[in-house]
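Here is the structure we will look at.
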Amino acid sequence: MRGSWHLAMLPRISPMFRTDINYLEEPMNRRQSLLSLVALALPIVGKTEETVEGSSAPVLTKSKSAWATLLPAPAFAVLFEEATEPPGSSPLNDEKRSGTFICAACFLPLFDSTTKFESGTGWPSFWQARAGAIGTRADYKLIIPRMEYHCARCGGHQGHVFNDGPRPTGKRYCNNGLALQFILAGRQLPALRS
């Protein structure tokens, strides 16, 4: 019958819709096996890929329980459990003075105020991090891959970086305000936490 089809035609259209059970007994060929393994490995590979560009600060390793005793609970949740603060909740989103934004956990300088811009997202945003200050890794928590970034020294989660920022980099480092502290220009930066 022209213009109509039914379940019996599905095996010819796509092997995914085969109605006979005998296909389960057919051996899987090498290409199918490799493609299946690659598909299963993609999220795992993405979670372990990590880059730190030009970091010179010594790595600071502490247990989660040690960080929990040093930080207020909301900052700990963002930095070491990768929570996200509500948009518009951080006073740092409106910070316009000259200075340096440092990691709230280990005090590593991450961003200069000259790279901060108003993104309209409700989170402090920057178009460039300080050299060697952050590491990145693929994040698949929302199924769609995003690029997570964190402090290169302590590993504290800062936010995600997107390719929709202003020139010259085209990047938008969308940061949780709880993961940062602001040090006004002219004031001495705190010593790195040990």
Setting aside same-chain residues fewer than 8 positions from residue 171, which lysines have a Cα under 27 Å from its Cα? 47, 96, 116, 141
For segment 62-103, which whole-number percentage of the solvent-accessible area (1.4 Å probe, protein heavy atoms only) is attributable to carbon and sulfur atoms? 58 percent
In nanometres, what is the gap between the two model label sites at residue 70 and residue 98, each 7 Å from Cα along Cα-to-Cβ? 3.1 nm
Each label point is 7 Å from the Cα along the Cα-to-Cβ direction; what then is the distance between the points at residue 162 and residue 141, in nm? 1.6 nm
Provide 164, 139 ordered by accessible surface of protein heavy atoms (probe 1.4 Å), highest first. 164, 139
Give me the percent of accessible area attributable to carbon and sulfur for segment 124-194, probe 1.4 angstrom. 55 percent
State, to one decimal in nm, how far the label point of residue 183 lies from the label point of residue 84, with both points 7 Å from Cα in the Cβ direction. 3.0 nm
Contour excess over end-to-end distance, with Cα ends at residue 114 and residue 63 and 0.36 nm allotted per residue: 15.0 nm
Rounded, prolate or oblate: which fits segment 98-145, taking a ≥ b ≥ c as square roots of the Cα gyration tensor eigenvalues, rounded meaning a/c under 1.5, else prolate when a/b beats b/c? oblate
What accessible area per residue comes out for segment 117-164, rounded to a whole number of Å², with a 1.4 Å probe? 43 Å²
Cut-off under 5 Å, modelled amide H: who pairs with residue 117 long-range: 125, 126, 127
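The values are calculated or read from the model by the stated rules, or taken from the named source; none is laboratory data. Predicted model only: the values in this text are computed from it and were never measured. So basically every Cβ, Gly included, is an ideal-geometry build from the backbone, and we count neighbours across all protein chains shown. For the accessible areas, the whole protein counts, side chains as well, though only heavy atoms, and no ligand, DNA or RNA atoms are used. Shrake-Rupley method; radii C 1.70, N 1.55, O 1.52, S 1.80 Å.
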